[in-house]
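A short worksheet on the structure shown next.
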Amino acid sequence: MSVDQIPIGKFSLMTRLSHKALRLYDRKGLIVPEVKDNFTGYRYYTVPQIEQGIKIKTFTFLGFSLEEVSMLLDAESAENYEIIEACFRKRLEEVRLEVGQLQRIEGILQGACKHNGKVMEIFKMSVTEPVIKEIPELRVLSKREKGTFALTIGKLIGEICACVSSPENQRNRVKTTGPIMFLCHDEEYKETGADIEIALPISGRLSVEDPRMEVKTLPAIRAVSVIYRGPFHGVEAGYNRIFSYAEENNMETFIPSRELYFNDPAEVPEEELMTEVQIQVRKR
């Protein structure tokens, strides 16, 4: 063993990376020992690899996947700082969502503590009685893409609202004629890759530059509707009420479901958010 060869145990101590992690990173090609003894199987690292190990530890601490860590290391080697910045911005958005989720959980748990730990108080939701609606055709500005609910819905809403409020469309007196809505085209819940469409009812001559955005007509539907009041993460109570009603009344349900948002979470407290859930039905 030469002077600059560092055994895996000492290298683990220097970088605060476990043996298990170092073997995984070796298999993934993130940090490969400079020397492997074919007879003993011992792994030896070098002094320059200490910095690489610390970078990997830092990136994983920040929540990047091993695939993202590999991309970041490659981008740094190629001095492609745009990729690094884009990765960091994406992770920052994810962290902000995670923080918001933890704050909502904290609020729910605090509320439960105030009710002396009565668990059912957590699940009390405000949902109106279901009604059947004949909903007419709607001319909308729409954009559809796949992604996660929290990120994609907010992003698409922002893009559609920005289009309608552009100077040209305001000069053309484009108006919104109803609340913005989310249409879910999936048969099942998906954590990622959900098929999401955001649509805003509009009138007037609309100018659209984004090729993935379109003016279209949503078909007329017969739907069961409820109004849910409360945080977005509890809207499942509205769906549950509709599906129970449909089952009790021998009705089939169809996608896409629709969620209509009547107020803005940036302007009112979560407990005052109003969401209408509509699900298309017909008699069996």
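Taking other C-beta atoms within 10 angstrom as a stand-in for reagent exposure, 128, 192, 60 fall in the order 192, 128, 60, fewest first. In the chain, the longest principal axis of the Cα atoms and the axis of helix 48-61 are about 20 degrees apart.
Residue 128 to residue 84: FRET efficiency via 1/(1 + (r/R0)^6), r the Cβ-Cβ distance, R0 51 Å, to the nearest 0.05?
Working: r = 49 Å, r/R0 = 0.96.
E between residue 128 and residue 84, to the nearest 0.05, is 0.55.
What does the helix-only formula give at 222 nm for the chain: each DSSP H stretch with n ≥ 4 adding -39500 (n - 2.57), the total divided by the residues, and the result rounded to the nearest 500 deg cm²/dmol?
Working: 8 runs with 112 residues, N = 284.
For the chain, the value works out to -12500 deg cm²/dmol.
Under a model in which nothing but the beta-carbon of Lys, Arg (+1) and Asp, Glu (-1) is charged, the chain shows a dipole of about 300 debye around its Cα centre. Computed from label points 7 Å out along Cα-Cβ, the spacing between residue 189 and residue 61 is 3.4 nm.
If I stretch the segment between residue 170 and residue 110 completely, what's the gain in nm (0.36 nm per residue apart, minus their alpha carbon distance), one decimal?
Here the segment from residue 170 to residue 110 would lengthen by 17.1 nm.
Of 102, 87, 72, which is farthest on the positive side of the dipole of the stretch 66-111, counting Cα position, with +1 on Lys and Arg Cβ, -1 on Asp and Glu Cβ, and the Cα centre as origin? In the stretch 66-111, that residue is 102.
Positive end of the dipole of the chain (Cβ unit charges, origin at the Cα centre): among 47, 58, 237, the Cα lying farthest that way belongs to 237. Mean projection of the Cα convex hull over all viewing directions, computed for the stretch 129-256: 8.4 nm². Computed from Cα positions, the angle between helix 149-164 and the longest principal axis of the chain comes to roughly 60 degrees. Among the listed pairs 146/216; 216/283; 146/283; 190/216, those with a Cα-Cα distance over 21 Å are 216/283; 146/283; 190/216. Per the Debye calculation on the chain with a single equal scatterer at every Cα and no solvent contribution, log₁₀ I(q)/I(0) for q = 0.08, 0.15, 0.16 Å⁻¹ amounts to -0.55, -1.15, -1.24. Its relative contact order, with pairs defined as Cα atoms under 8 Å and 6+ residues apart, puts the stretch 1-106 at 21 percent.
In summary, the aspartates and glutamates within cross-link reach of residue 36, defined as a Cα separation below 15 angstrom excluding same-chain residues under 8 places away, comprise 4, 26.
How big, in percent, is the set of alpha carbon pairs in the stretch 26-110 lying more than 19 Å apart?
On the way: 1908 of 3570 pairs.
Everything past 19 Å amounts to 53 percent.
Every number in this text was worked out from the coordinates using simple rules, so none of it is lab data. Computed from a predicted structure; not experimentally measured. Virtual Cβ from ideal backbone geometry, glycine too; neighbours counted across all protein chains shown.
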